[in-house]
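Heads up: the structure comes next, in structure tokens.
The values are calculated or read from the model by the stated rules, or taken from the named source; none is laboratory data. Bear in mind that the values here come from a model prediction, so they are computed numbers and not experimental data. All Cβ positions, glycine included, derive from the backbone under ideal geometry; neighbour counts span all protein chains shown.
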Amino acid sequence: MYVLVSFLGRTPRNEDGYRQTTYRLPDGTREQAAYLGYCLQRWQRPDRLVILGTAGSMWDHLFERDVDLAGQEEEKRLELGDWVDRQAVTQEHLDALTPLLAASLGCEIELRIIPEALKENEQVALLQILDQATEGATHLSIDVTHAYRHLPMIALTAALYLRAARPELAIEGLWYGAYRPETATAEVCDLSGLLNITAWIEALQRHDWLGDYGAVAELIKADHATVAENLRQAAFCESIHQGQRARGLLKKARNNLHEHPLSGPGALFQPLLEERMKWVDGNYLYERQRTQALNALRQDDYLRASLYGFEAFITKLAQERGFVGRQNEQAERETAKEWFETEKPASYTQYQLLRKTRNALAHGDKAKSDRVQQALASPQRLRALLEECFTVLLPEQTP
């Protein structure tokens, strides 16, 4: 089901009615109207048209010049005009005339009174109204042309909310009639590119939170299929702690992006994406593993935090022992670890705590340390123990 949601405001009115504008639609056609929603309805033919407005919106116009109602329900329509003048239209007034409009336009019609949405509770209420009014939709467009100046921001938020709540819902357009004084016409523009930008923000946030490149891969797969597949495979390798394989795949992806840069919103975010891949250049491996450990701890994922944290510390040891560029090789890592366990520097206590915590969490066995066993009794104690270990063992390094 395709649903078109249109906000209804209030344009200036004189003895001839509400002020009209010539709208230039994306298909090249022009229509003169006081309300763009009807132009979009005739052009797009939605299954349901949802019109949202406040108690003072120009509801009476919906039943006047832009539609032919052949004099039907004239008394109710005149009464509605009086309530519009008082800016006191109620839901009951609209419900009484909705069937008339549905019959005239040939689609489902829903007219809803909405709050001004200047306060948070009103904004939440508006999003709930939009959620209810678009129930069952598979495709959605939103027209913000006549909305109060702040409502387009809320409409964008609503689109993001609906996309998150219903991943299967396709947002077809965010329509706005931009008036051009030099031509005395309004160009109907699709602002849904904003959703593409937010999709990139969400994809990078997902990567920062979970270490998953999958959402980024989904955004670029149409134009950069090879890069997308490399990113997916790299994410898989990182999830199973195969850092060396992940590094090779990410190097390929980065080299490909240098030769064939991203376009559109991707061009804006490519530098940020490459920043997150810089750990493949050897010296950054420790920082990458350290970040994974800290992210896992922030998510209360204590097993992954201990695994990543321990591996990050061994990487740091290997670098300090002179194995830069080979700090992910098993033999060099074992050599560095054996040296540390033999020398027992000042940080050896935290090393033992982290190692025993990792083993207890990975194998589900009773910890071979009273302090670790006590920490396993509560999330607060376990977090405090890991934070202590990370503070001592995993200092931030500058390139």
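Structure values in brief
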read-out	value
The one condition in (1) within 20 Å of residue 172 (Cα to Cα); (2) surrounded by fewer than 17 Cβ atoms within 10 Å (Cβ to Cβ); (3) among the polar types (S, T, N, Q) that residue 41 fails to fulfil	(2)
Segment 115-142: number of residues that are loosely packed, with under 15 Cβ neighbours inside 10 Å, touching a residue at least 24 places away in the same chain (Cβ under 8 Å) and touching a Pro at 6+ places or on another chain (Cβ under 8 Å)	0
Options 102, 96; residue that is without any contact (Cβ under 8 Å) to a residue 12 or more places away in the chain and either more than 31 Å from the chain's Cα centre (by Cα) or assigned by TED's automatic domain parsing to the domain that holds residue 151 (or both)	102
Selection count, segment 44-72, where residues are buried (at least 20 other Cβ atoms within 10 Å of the Cβ) and of a type in the set (A, V, I, L, M, F, W, C)	8
Pair list, Cβ under 8 Å, 6 or more apart: segment 215-240 residue under 14 Å from residue 200 (Cβ atoms), other residue aromatic (Phe, Trp, Tyr) and surrounded by 21 or more Cβ atoms within 10 Å (Cβ to Cβ)	216/200; 219/200; 231/213
Check on residue 154, buried (at least 18 other Cβ atoms within 10 Å of the Cβ), β-branched (Val, Ile, Thr), under 30 Å from residue 197 (Cβ atoms) and within 21 Å of the chain's Cα centre (by Cα)	yes
Index of the failed condition, residue 299 passing every other in (1) in the same structural domain as residue 375 (by TED's automatic domain parsing); (2) farther than 23 Å from residue 199 by Cα	(2)
Test set (1) modelled with pLDDT under 85; (2) more than 18 Å from residue 212 (Cβ to Cβ) - residue 265 fails condition number	(1)
Criterion violated by residue 46 - all others in (1) assigned to a helix (DSSP H, G or I); (2) within 28 Å of the chain's Cα centre (by Cα) satisfied	(1)
Among residues of segment 252-285, those that are closer than 25 Å to residue 322 by Cα and in a loop (DSSP other than H, G, I, E, B), counted	4
Tally, over segment 371-386, of residues that are among the polar types (S, T, N, Q) and within 17 Å of residue 359 (Cβ to Cβ)	2
Complete set of residues in segment 178-197 that are crowded, with 16+ Cβ neighbours inside 10 Å and under 21 Å from the mean Cα position of the chain (by Cα)	191, 192, 195
Condition met for residue 249 (under 29 Å from residue 317 (Cβ atoms) and in contact with a Ser or Thr (Cβ under 7 Å, 6 or more places away or on another chain))	no
Matching option when the condition is outside any strand (DSSP E or B), in contact with a Phe, Trp or Tyr (Cβ under 7 Å, 6 or more places away or on another chain) and touching a residue at least 24 places away in the same chain (Cβ under 8 Å), among 145, 198, 157	145
Among the candidates 22, 11, residue that is touching a residue at least 40 places away in the same chain (Cβ under 8 Å), within 22 Å of residue 183 (Cβ to Cβ) and in a strand (DSSP E or B)	22
Where a residue in segment 348-366 is without any contact (Cβ under 8 Å) to a residue 24 or more places away in the chain and its partner, wherever it lies, is assigned to a helix (DSSP H, G or I), with Cβ under 8 Å and at least six apart	348/340; 348/341; 356/372; 360/372; 360/373; 365/359; 366/360; 366/373
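Rundown of residues vs (1) outside the structural domain of residue 95 (by TED's automatic domain parsing); (2) touching a Gly at 6+ places or on another chain (Cβ under 9 Å); (3) within 24 Å of residue 135 (Cα to Cα); (4) of a type in the set (Ser, Thr, Tyr), yes/no style:
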{"site": "13", "(1), (2), (3), (4)": "no, no, no, no"}
{"site": "17", "(1), (2), (3), (4)": "no, no, no, no"}
{"site": "38", "(1), (2), (3), (4)": "no, no, yes, yes"}
{"site": "41", "(1), (2), (3), (4)": "no, no, yes, no"}
{"site": "44", "(1), (2), (3), (4)": "no, yes, yes, no"}
{"site": "54", "(1), (2), (3), (4)": "no, yes, yes, yes"}
